[in-house]
Every structure is written in structure tokens, then in C-alpha cells.
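One structure is given below, encoded as C-alpha cells.
The values are calculated or read from the model by the stated rules, or taken from the named source; none is laboratory data. Please read these numbers as outputs of a predicted model, since none were measured by experiment. Here the Cβ is made from the backbone with ideal geometry for all residues, glycine too, and neighbour counts use every protein chain on show. Heads up: the accessible areas ignore ligands, DNA and RNA and are worked out on the full protein's heavy atoms, side chains in. Shrake-Rupley method; radii C 1.70, N 1.55, O 1.52, S 1.80 Å.
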Amino acid sequence: MKIFNTMSREKEEFLPMKEGEVRIYVCGPTVYNFIHVGNARPLCVFDTLRRYMTWRGNDVMYVSNVTDIDDRLIAAANEQGTTVKALAQQYEKEYLTDSDGLNVLRPSVMPRATEHMQDIIALIRDIVARGYGYVAENGDVYFRARKFSEYGKLSHLVLDDLENSRELSASLDGGLKEDGADFAVWKAAKPGEPAWESPWGAGRPGWHIECSAMAKKHLGATFDIHAGGQDLIFPHHENEIAQSECANGQTFARYWMHNGFLNIDDKKMSKSLGNFFTVRQVAEKMGYEAIRYFMLSAHYRTPLNFSMDILEQCKASLARLYTCRENLVFALEKAKDAGETMLAARVQEARDRFCEKMDDDLNTADALAVLFDLVREINTLAAGSTKQVLADTLEEFDILCDVLGLLYEKQEEEVPAEVTQLVAQRAEARQTKNWARADEIRDALDALGYTVEDTAAGPKVVKK
RNA sequence: GGUGCCGUUGCCAAGUGGUAAGGCCCGGGUCUGCAAAACCCGUAUUCGGCAGUUCAAAUCUGCCCGGCACCUCCA
């Protein structure tokens, strides 16, 4: 499989450290509010990566954290007159509701920053011991960015350019830092803020160090893939690299993957622009699955423009997949042992092309096109195929959809006896060409939430 | 100022040297009692513009136009 590595800015052949085992870390949300639709992109994209790699026979260790202590949480808790802990717990729950709704598999491990204080402190201790960290007079601990000669290797930013970019230097942290490029790994406690004891006094960790520590704890000092949104490249991931590599003396993540941004009306989504949507809001209107489909409809590194209209289109596309599956199930019910077997070859071809596309830096848009080509083949060939071929096709179709995490809202319930009876009565009415009666029954079925379609093989009942 | 990204049919979106995938929408047809679903046909001589390289360019080079993002805690 080829993966575009942000570090090299090239597609590289992906080779895990250990054959058959893939270790991935994806930066999770800060749980201070409902997640927004932009947050859903890395969730869906990297979940799909995980599903694909697992399907291809890898044992995937997938770690995605929850940031449950940070400035925004503290601010939100103060505003709402609650505690950081209570707020974080509440929104972690909401986050999981959304992530489940998007059919995102739960991570192998979902570490919380507040539960890793000892790991964080140990890492900072190493940083300080190796001379990369220093304690400011107020108890903050800073990282000496300039001392790490490779600083900027991920973002390809040059420190001196950064310095010139804004008047950041002394303005930040009131001259506590030795250098404008330095960043906090530990922040001394301020009144009313949650704090943990440390060798440098009471305080809390900086944002970047949390991920460094949690990744190390659960994946080791070096692991395969680190992923997140493009905006995290700098400073978050750059700083993670600096901290981790200086403390551990070895490569941090071997491949870096970053998803493109989600825009609204071609503008970055932001509260101030008034184009801010939470996943929950959109899901209530359009359903979660349309959001997931939308995220996979374009390549993960390109910018994606969001609108309700586009989501409607996604729903229509999904409907084609669902209908195809219904047709396939129906054909299977009616199938005989004898018949055509050509479909089997088409399925095999689709599977191969699907893998080819996914192997090419997770080209989900092309993978979907392959799936739709298969849909056409199924719709054309299903009626005459053998029972065995149809059973195999259904299994394979479900697998491919599941690799993308789609078609998870299948209706598997039995059709109620009442409906079956009505369908039979309607068949009788049609026999005697009593069209009025037939239409009446169809309306009745409609009211019960079922659609009946007359096919060459008999009536097909579908729950709406 | 520095670093990147993007501009393909009405809409979404692949394709990155070999003559424009796929989905949605739309029009016509087949099937159907009607419908639905499905299938078939039709929908970009053209890929922001202009030059250039090449037998061949949406794909490479240059310039220009338009849009977006990052540059210390936003996925």
C-alpha cells in the first residue's frame, strides 16, 4: 500500500515496523463541546484506513485519544459554572455517540490525558534531563525548540521565518521563555484551575506533550502512523516530534497522514463566520451515514466543501447501494441451483480493483466508483445467477461496503405476517386484474411503511 | 513576507504523459395494468487563462487570473 507521507511529501510504500502489525495514533478531539462536521472527517477517513488494513490481514493497534484537560475546557467549564471533569465526561459521551453514529469503530485504546499524568511527567523529566527543557521562574516548563536541529522537518517551516511572521516572541508568556520559538510542556497552576503535582510544582500539561506521552505509552517510542487534520501539522505535530524524539532518542512516527479541511461555502468553518455545524445537528437532519459517505466521496487530502445539498446527493447515492443490496437479497431468495455464474468473475474483478484503489493512498472516491460498477453488474446479472454465486456476491458486497464502513443501516427484520398477507391478497387481485383493489392494498402497505414492487420473479417487499 | 493546497460537465468528484471514471440531477427509450426498481441511449472535442516542451498534455514547464489554508494550543 502506498501512503502519502507528510514528512517526505511523497507517496511512499507503506511497510509497518513489524509485518502484519500496524500501529496508528490519531489525534482525538478536545471534549469541551459537541464535535463539529470538520471533526468527522479524520474520524471517518482514518477509521476507513483502519478497516481496510485490518481486512487486508493486519493486526491494527489503533489509538485515538481524548483531550480532557486544556485551555478551552477550562474556559468552557468556567462559563458554564461546572467543573472541567464533569464537562469533559459529558462531551466525551456525546463524542462517542457521534462517532458510533458515524460507524467509526471504537479505538483499541482511547487514552485520556488526565489518566496519563505520570507518563506525561516522566516524559517531561526526560526532556529536562537531556537539556531540552527548562523551568521558568513561575514553574512553567518550556521546550527549547531551537536546540532540536530538526525542528520544522514535518511542516517544513523555518524557525527564523516563524520569528519574522509575527511579533510572537516576547508577547507570549510575558518573557518567561528563553526564545520565542519555545513552547510549554508544563504549565504552572493558576488559581481555580485543575492541577497535578509534579517535580516542578502543581500544574497541568501542555497540549502537545499529552499526545507524545500517550502515544509512547500505548504504541511505543516509535510507531507506524500518526494521523490528524492538516491544521495539526504545525505546531501540534511538529512539537510532538521535537519532544518525543529528543526525549526518546529515536524516530517518533514513521508515516504522517493528514486529512484536508472541510470548508463551508468554500470558507473555513468557524463560529465567528456563522457557518459552524455540529455533527449532531447535521445528523439529525440528514442522518449519520450521509456524512460518512460524504467524507469518503473525495480523496482525504483534498479540501472538501460541505453543504446540505451535497449531503442530499450523498443520500441518493447511498440509496442506490441499498437498493442494489435489496435486489441481490431478493434474487437470492428466488434463485435456483442452476444458472449463470458470470457474476462471480465480475465480483472478483471488483474486489481486485477496489484493493488497487485503496492501496493508492486510500483513494476512497475511486473505490466507491468500483463499488458502483459492481452495482451495475449485480443489477444486470443477479436475476439469472445461481444460488451459490448470489450468496457469494452478497457476502463480498457486504464486505466491501463494510471496509468503507457503509451500509450499516440495513433493515434485517422479518416482514410482519400482516404485510405478507396483504401482499398475497394483492397478488390475487392482480390475477383477476382488479387494479383498483391492488392499488388500494399498495396504499395500505405504504401506510404500514412497506413498498411493494412487482418484478418478473414476483412481488418484492421493502421496508421504507 | 514564508510554506502549502485548490480551480475538471448543471452539482459532487476521480484521473497527474496516451487521447475525459463513478455518483446525483436532467432528457429519451425498454420493461410494467399503473408504478417502482433496473437496464439501454444521450448529456465536457474538453479539463481557470495564455504560451511552451512532446508524435501525444487535464496531466510536464513558465507566466497570469481566481479561491483557500497554515505560520505557536482550530480536525
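Taking the range A:249-270 as the region of interest, how many residues are open to solvent by 60 Å² or more (accessible area, probe 1.4 Å), within 15 Å of RNA strand B (Cβ to nearest atom) and part of a loop (DSSP other than H, G, I, E, B)?
Result for the range A:249-270: 3.
Looking at the range A:431-450, can you tell me whether even one residue there is open to solvent by less than 50 Å² (accessible area, probe 1.4 Å), of a type in the set (Ser, Thr, Tyr) and within 7 Å of RNA strand B (Cβ to nearest atom)?
Of the residues in the range A:431-450, the ones open to solvent by less than 50 Å² (accessible area, probe 1.4 Å) are A:438, A:441, A:444-445, A:449-450.
Going one step further and asking which of them are of a type in the set (Ser, Thr, Tyr), we end up with A:450.
Keeping just the survivors that are within 7 Å of RNA strand B (Cβ to nearest atom) gives none.
No, the range A:431-450 contains no residue that is open to solvent by less than 50 Å² (accessible area, probe 1.4 Å), of a type in the set (Ser, Thr, Tyr) and within 7 Å of RNA strand B (Cβ to nearest atom).
For A:Thr54, are the conditions met, namely being farther than 30 Å from A:Asn275 by Cβ and either small (Gly, Ala, Ser) or more than 11 Å from RNA strand B (Cβ to nearest atom) (or both)?
Considered against the rule, which asks whether it is farther than 30 Å from A:Asn275 by Cβ and either small (Gly, Ala, Ser) or more than 11 Å from RNA strand B (Cβ to nearest atom) (or both), A:Thr54 comes out as yes.
Filter the range A:408-430 down to the residues that are in contact with a strand residue (DSSP E or B) (Cβ under 8 Å, 6 or more places away or on another chain) and within 11 Å of RNA strand B (Cβ to nearest atom), then identify the one that is most open to solvent (accessible area, probe 1.4 Å).
A:Arg430
Looking at this structure, is A:Val60 within 16 Å of RNA strand B (Cβ to nearest atom) and at pLDDT 95 or above? Give the steps one after another, and end with the answer.
Working: within 16 Å of RNA strand B (Cβ to nearest atom): no; at pLDDT 95 or above: yes.
Here the answer is no, as A:Val60 does not meet what is asked.
A quick yes/no check of all residues on (1) touching a helix residue (DSSP H, G or I) at 6+ places or on another chain (Cβ under 6 Å); (2) more than 29 Å from A:Phe294 (Cα to Cα); (3) of a type outside the set (Gly, Ala, Ser):
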{"residue": "A:Phe183", "(1), (2), (3)": "yes, yes, yes"}
{"residue": "A:Ala188", "(1), (2), (3)": "no, yes, no"}
{"residue": "A:Ile225", "(1), (2), (3)": "no, no, yes"}
{"residue": "A:Gln230", "(1), (2), (3)": "no, no, yes"}
{"residue": "A:Ile264", "(1), (2), (3)": "no, no, yes"}
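Tally time: how many residues in the range A:1-44 are charged (D, E, K, R) and under 17 Å from the mean Cα position of the chain (by Cα)?
Looking only at the range A:1-44, we keep the residues that are charged (D, E, K, R), and these are A:2, A:9-13, A:18-19, A:21, A:23, A:41.
Still in the running and under 17 Å from the mean Cα position of the chain (by Cα): A:23, A:41.
Number of matching residues: 2.
Test A:Asn275 against the stated conditions and say whether it is under 29 Å from A:Asn363 (Cβ atoms), touching a Gly at 6+ places or on another chain (Cβ under 7 Å) and open to solvent by less than 50 Å² (accessible area, probe 1.4 Å). Break it down into steps so the answer makes sense when it comes.
Working: under 29 Å from A:Asn363 (Cβ atoms): yes; touching a Gly at 6+ places or on another chain (Cβ under 7 Å): no; open to solvent by less than 50 Å² (accessible area, probe 1.4 Å): yes.
No; evaluated as a whole, the condition is false for this residue.
Would you confirm whether or not the range A:113-127 contains a residue that is among the aliphatic types (A, V, I, L, M) and not in a helix (DSSP H, G or I)?
Filtering the range A:113-127 down to residues among the aliphatic types (A, V, I, L, M) leaves A:113, A:117, A:120-124, A:127.
Narrowing further to those that are not in a helix (DSSP H, G or I): none.
No, the range A:113-127 contains no residue that is among the aliphatic types (A, V, I, L, M) and not in a helix (DSSP H, G or I).
Do you know which residues across the range A:319-338 are more than 11 Å from RNA strand B (Cβ to nearest atom) and surrounded by fewer than 19 Cβ atoms within 10 Å (Cβ to Cβ)?
A:Val329, A:Leu332, A:Glu333, A:Lys334, A:Lys336, A:Asp337, A:Ala338, listed by residue number.
Give the residues of the range A:318-360 that are touching a residue at least 40 places away in the same chain (Cβ under 8 Å) and under 25 Å from the mean Cα position of the chain (by Cα), sorted by residue number.
Here is the first cut: in the range A:318-360, the residues touching a residue at least 40 places away in the same chain (Cβ under 8 Å) are A:318, A:320-322, A:324-332, A:334-344, A:347, A:350-351, A:354-355, A:358-360.
Listed by number, the residues that qualify are A:Leu318, A:Arg320, A:Leu321, A:Tyr322, A:Arg325, A:Ala350, A:Arg351, A:Phe354, A:Cys355, A:Met358, A:Asp359, A:Asp360.
Can you spot a residue in the range A:388-407 that is over 27 Å from A:Asp47 (Cβ atoms) and open to solvent by 50 Å² or more (accessible area, probe 1.4 Å)? Can you show your working first?
Here is the first cut: in the range A:388-407, the residues over 27 Å from A:Asp47 (Cβ atoms) are A:388-391.
Filter again for open to solvent by 50 Å² or more (accessible area, probe 1.4 Å), leaving A:388.
Checking the range A:388-407: at least one residue is over 27 Å from A:Asp47 (Cβ atoms) and open to solvent by 50 Å² or more (accessible area, probe 1.4 Å).
So which residues in the range A:309-318 are small (Gly, Ala, Ser) and more than 7 Å from RNA strand B (Cβ to nearest atom)?
Within the range A:309-318, no residue meets the criteria.
So, of the residues in the range A:215-248 that are away from RNA strand B (no atom under 16 Å from the Cβ) and charged (D, E, K, R), which turns out to be nearest to A:Asp182 (Cα to Cα)?
Among those that are away from RNA strand B (no atom under 16 Å from the Cβ) and charged (D, E, K, R), it is A:Glu245.
What helices (runs of 4 or more DSSP H) completely inside the range A:361-464 contain at least 2 residues that are within 30 Å of A:Leu105 (Cα to Cα)?
Values: elements: A:364-381, A:387-403, A:417-431, A:435-447.
Here the list reads A:364-381, A:387-403.
In the range A:218-245, which residues are more than 22 Å from the chain's Cα centre (by Cα) and either surrounded by fewer than 24 Cβ atoms within 10 Å (Cβ to Cβ) or acidic (Asp, Glu) (or both)?
Filtering the range A:218-245 down to residues more than 22 Å from the chain's Cα centre (by Cα) leaves A:220-222, A:239, A:241-245.
Residues satisfying the conditions are A:Gly220, A:Ala221, A:Thr222, A:Glu245.
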